[in-house]
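Single-structure report; data block below.
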Amino acid sequence: MTVKNRNYLFISLAILLPILYGVFFIRNFSMPLSGGGDVDEWEYVGYYLSQHLTFKPFPSLVFNHNQTFYPFGTTQVFSDWSLESNYWFTFFYNNFGHGAWLNYYYILSLIVSFLGSYLILKKDFGEPKALFVGFVVTFFNFYALNKYPHHYNHSTIHWAILSLFTDFILVKRIILKEDISLKWVFLKVFILLATLGMNLGYICGFALNSFVISFIAVLVIIVKRIAKGENQLRKYLIDWFDDLKRSPIFYFILSVPSLIFMFLYLPLVLQIYFEAKSFHLDDANAPHFWSHPLRMLLPYFPNFSALHNPFTHLLKDMPEGLGSGSPGWVCLSLGIIGFFSNRKQFWLVFVPLIILLLISTFYHPNKIPTLKIFPWGAYNRVPSRFTSLLPVIFSCFFLPTDVRKLPYNKFLLLVFTTFFVLELSVVYKYRYSQKPFEFDKNFFGYMQQVKMQKGEAVMDFPFCIVGGDGTGLRENLCPIFQRTCNVYALSRFHEKKVIGGYYSHVHDSAIKGFIGVGIGNWATPNDSTYIEGWKRATKIINTFNDQQLEHFVKYFQYNDFAGINVCVDLIPTKMYQQITTAIGQPTQSTIFPGAGKVVFIPKPKDWQILVDKDKAKQMKFPCGCK
């Protein structure tokens, strides 16, 4: 096979395998991404962008709005912004309505990870190794694969993967005094700007951390060489200037994608950054999902797997996500073999990767706040999310390796193949068992009826007003977190304002109005302990007393609610009867993702004249309304 044909074959594989993964493991390419819990958040962020994005002439967002936390409102700046997927959803939603747009984006993300890695690495390390490493960082990145769909924006990390690879190549070429073409510089700038479209709180931050560390490392090397009379930078600049003079139109065309990304992302990133900085958040008592560094040693084996995070009580940590902290033994073995076989020649090239690995793996938001030296690391609350980039770092260690020169290479190949088969079978068996969510047959009709009902908002009960930092839990503003945390995000279907909301961080001032009104007095969950109750509570166990019912009904009357979505499975039968007796009978029912059976009770028409949002905001508990 000729080199050209082999290249075409490898490119075809890098496109085909992600598509096959989608066919067998995603399976839903017709319906919106949903399923309860955090899953519903990812479409909602794109939906919010579609409603509040303006160009004046640069992109701008309205963050302070009562679309959630109704009627008081709050800032949306602490939504999990991933601007590329947000723009993607906005475009398709605005032009074609609801659909499986984020699932299509997910498959494209896998293609970019695999194909991009291959195309970037093949010149420096050869086509077979580039294909193999592209496969590993895409399909053996178990933590990232298992983030779909629950933490969708941590499963689409393609530009961050390519950014780390280009950082590694940049450091390698400068330290080893290799050529760097102007086209490669344009590629690096493009990828770095593209990372601004990744999850801003984590994935983009990890890529920026890598670039800053790599940049400082090569700057030190260049300065030291200049001091010795070797001006390496001058040679690069002369070559780049000559290229630019020869083909100015070509390089102008190359700059267009970067300029587009800069236009679409940079104004919003800066707006989000400065808006977030205007809030002082005390994270000291928030749950930090720290993952012990020793989890890096756990494999994905049958009967003993990192998948479900064993040894939590022994390690005294709080891992977040399946396989938190563990890249698996396939990736780990690549890193160990690569590091020790290449350390003599490439130790200086590896230094930025080692620094990135150490400050990220041992990071704790309070005890070891290493990542907070970067301005974009201020809100990094879940250290274990760096796990998705461990396969990239370990692959970089392996890339310079000549497998044929390894001692005991046949034995190592046998052991590696064993790990490969075992981990692939364990993780992919689990992935296949995760069936896509299916909407109830009445769901879209139900939402359409709510949408058509008069009133700017709809009340969800039980509601959930909460921050990922724990704000609202102590005040009982989200009595059943696990079942209702993202019911608010279903507003993308009925397009009404909602009382609930769930953001990574919520400032105390955002819940002050609800505390003052006293709506946290309505419900008692079956587990109300502050520290762990948010995980365990599954149902409301009280019925309304006279004061609670009076307060509940008056709050419903005074606000401009079109009606109430009552999650029947989450409250006692007697409480449901109290609500229907006081307000009226339901007109329809369906199943809400996560929350279970729900019925809609429209606001009685003669109650419309009672709407007084100012009065609603000034209520107290007990209201003494009678």
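The values are calculated or read from the model by the stated rules, or taken from the named source; none is laboratory data. The model shown is predicted, which means the values in this text are computed figures rather than measured ones. No Cβ is skipped: glycine too gets one built from the backbone with ideal geometry, and neighbour counts run over all protein chains shown. Heads up: the accessible areas ignore ligands, DNA and RNA and are worked out on the full protein's heavy atoms, side chains in. Shrake-Rupley method; radii C 1.70, N 1.55, O 1.52, S 1.80 Å.
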Quiz item: Stretched out fully, how many nm does the piece from L13 to C625 gain, at 0.36 nm a residue minus the Cα gap?
Solution: 213.4 nm
Exercise. With a 1.4 Å probe and all protein chains in place, put M1, M459, M31 in order of accessible area, largest first.
Key: M1, M31, M459
Quiz item: In nm, what is the difference between 0.36 nm times the number of residues separating L314 and N231 and their Cα-Cα distance?
Solution: 24.5 nm
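To the nearest 0.05, what FRET efficiency results for R474 and L348 with a Förster distance of 51 Å applied to their C-beta separation?
Working: r = 50 Å, r/R0 = 0.99.
In this case the efficiency is close to 0.50.
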Quiz item: Put a dot 7 Å past each Cα toward the Cβ at K574 and S589; how far apart are the dots in nm?
Solution: 2.1 nm
Quiz item: Based on the Kirkwood radius over alpha-carbon pairs, what is the Stokes-Einstein translational diffusion coefficient of the chain at 25 °C with 0.890 mPa s viscosity, in µm²/s?
Solution: 93 µm²/s
Self-check item: Residues N526 and I336, FRET efficiency given R0 of 60 Å [Cβ-Cβ distance, rounded to 0.05]
Solution: 0.80
Quiz item: Can you pull the accessible area of F29 for me, 1.4 Å probe, Å² to the nearest 10?
Solution: 70 Å²
Self-check item: Euclidean distance between Cα centres, the stretch 89-140 to the stretch 308-329, Å
Solution: 27 Å
Self-check item: K177 paired with D239, simple spin-label distance in nm, labels 7 Å along Cα-to-beta-carbon
Solution: 1.3 nm
Self-check item: Lysine pairs within the stretch 264-395, Cα separation less than 25 Å, 8 or more sequence positions apart or different chains
Solution: 4
Practice problem: For every helix of n ≥ 4 consecutive DSSP H residues, a contribution of -39,500 (n - 2.57) applies; sum these over the chain, divide by its total residues, and give [θ] at 222 nm rounded to the nearest 500 deg cm²/dmol. | Solution: -16500 deg cm²/dmol
Practice problem: Report, in order of residue number, the helices in the chain meeting two criteria: a C-alpha extent of 30 Å or more along the helix axis, and a mean Kyte-Doolittle hydropathy of at least 1.0; treat each whole DSSP H run as one helix. | Solution: 203-227, 248-277
Practice problem: Evaluate the distance, in nm, between pseudo-label points positioned 7 Å from the Cα of Q547 and of R246 along their respective Cα→Cβ axes. | Solution: 8.3 nm
Exercise. List every residue whose amide H lies under 5 Å from the amide H of Y202, counting only residues 5 or more places away in sequence or on a different chain, with H placed 1.01 Å from N in the peptide plane.
Key: none
Practice problem: Using a 1.4 angstrom probe on heavy atoms only, work out the carbon and sulfur share of the accessible area of the stretch 153-256 in %. | Solution: 72 percent
Exercise. Please give the length that would be gained between T417 and F91 if that part of the chain were fully extended, namely 0.36 nm times their separation in residues minus their C-alpha to C-alpha distance (nm, one decimal).
Key: 113.0 nm
Quiz item: Using heavy-atom solvent-accessible surface (probe 1.4 Å) with all chains present, what is the largest-first order of S255, S163?
Solution: S255, S163
Exercise. May I ask for the distance between the Cα centers of the stretch 410-428 and the stretch 347-365, given as a whole number of Å?
Key: 27 Å
Quiz item: When the Cα centres of the stretch 556-626 and the stretch 482-537 are compared, how far apart do they sit, in Å?
Solution: 16 Å
Exercise. Would you mind checking the pairs K451/K597; K183/K410; K172/K235; K147/K454; K535/K615 and listing those with alpha carbons more than 28 angstrom apart?
Key: K183/K410; K147/K454; K535/K615
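Quick one: plug the Kirkwood hydrodynamic radius of the stretch 200-319 (C-alpha pairs) into Stokes-Einstein at 4 °C, 1.567 mPa s, and report D in µm²/s.
64 µm²/s
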Exercise. Could you list, by residue number, the cysteines of the chain that have no other cysteine's beta carbon within less than 4.7 Å of their beta carbon?
Key: C204, C331, C396, C485, C567
